[in-house]
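The values are calculated or read from the model by the stated rules, or taken from the named source; none is laboratory data. A quick note: this is a predicted structure, and the numbers were derived from the prediction, not measured. Cβ: placed from backbone, ideal geometry, glycine included. Neighbour counts: every protein chain shown.
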Amino acid sequence: MLGVLVNALAILAGGSVGLLAKKGIPEKITNAIMTAIALCVLYIGVSGMLKGENTLVLIVSMVLGTAVGTLLDLDGRIERLGGRIERRFQRGGKRTPIAEGFVTASLLFCVGAMAILGSFNAGLKQDYELLFTKSLLDGISSCMLSVSLGLGVLFSSVPVFVYQGLLALLAHVIAPLLSDAAIAEITCCGSVMILAIGLNMLHLTKIKTADLLPAVLFAPVLTWAFSFLPL
């Protein structure tokens, strides 16, 4: 669990530095940074999508996952939770977009092979090298993100700790069930959501990204199921 803890603390530290730096940065520059980060997020999304090997798995996972997420109103629940937190941190009538920063950072830090494989290595072999590398990257990213997205980025350390912690603790059970193909499809589905986040950050769309989250649960199951089909 050491690597998981370090990862969460790196996000908190990086995000805190970003929040402190934000106070001295003019709004014009903050907006420009937001656009630059959004373009980088788009790149991360596109590059991750290319790791998928089965388009059919992606389509069915996204359709089923979106249907479930919409029925559960995941995006609405997170928005309402973020709203309650925002009111606690509201200063001088200025709104802090907690929910947006939380969802954006959580997806960026949790989605991808590095989070999965790093947690498995920590749980199975007490090898923290991959998670330490991820911690450095996440710390830098959280610093940049918090400049434009605010306090919500720091709260993303909680789902990162829980998600990677569970993967590490259950590694002996989960790792044998996830093939390389399954991990690739999880990364692909998650990267589609990251792409959606980038579009939202550029104010081109208003996609409810949290409603898409269940897709990453369907991806490994469908990868296994489709492996028996002559596709």
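With the structure loaded, tell me whether P176 is more than 23 Å from D75 (Cβ to Cβ) and surrounded by fewer than 18 Cβ atoms within 10 Å (Cβ to Cβ) or whether it fails that test. So P176 passes the test.
Assess whether L222 counts as being within 22 Å of D73 (Cα to Cα) and modelled with pLDDT of 85 or more. No: the conditions fail for L222.
Restricted to helices (runs of 4 or more DSSP H) entirely inside the range 113-231, no element has at least 1 residues that are of a type outside the set (A, V, I, L, M) and touching a strand residue (DSSP E or B) at 6+ places or on another chain (Cβ under 6 Å). Just one residue in the set I197, I207, I174, I183 is free of Cβ contacts under 8 Å to residues at least 12 places away in the same chain and of a type outside the set (G, A, S); that residue is I207. The set of residues in the range 130-145 that are closer than 17 Å to L169 by Cα and either loosely packed, with under 14 Cβ neighbours inside 10 Å or at pLDDT 90 or above (or both) contains only L131. Residues in the range 199-231 that are within 12 Å of the chain's Cα centre (by Cα) and among the small types (G, A, S): A210 alone.
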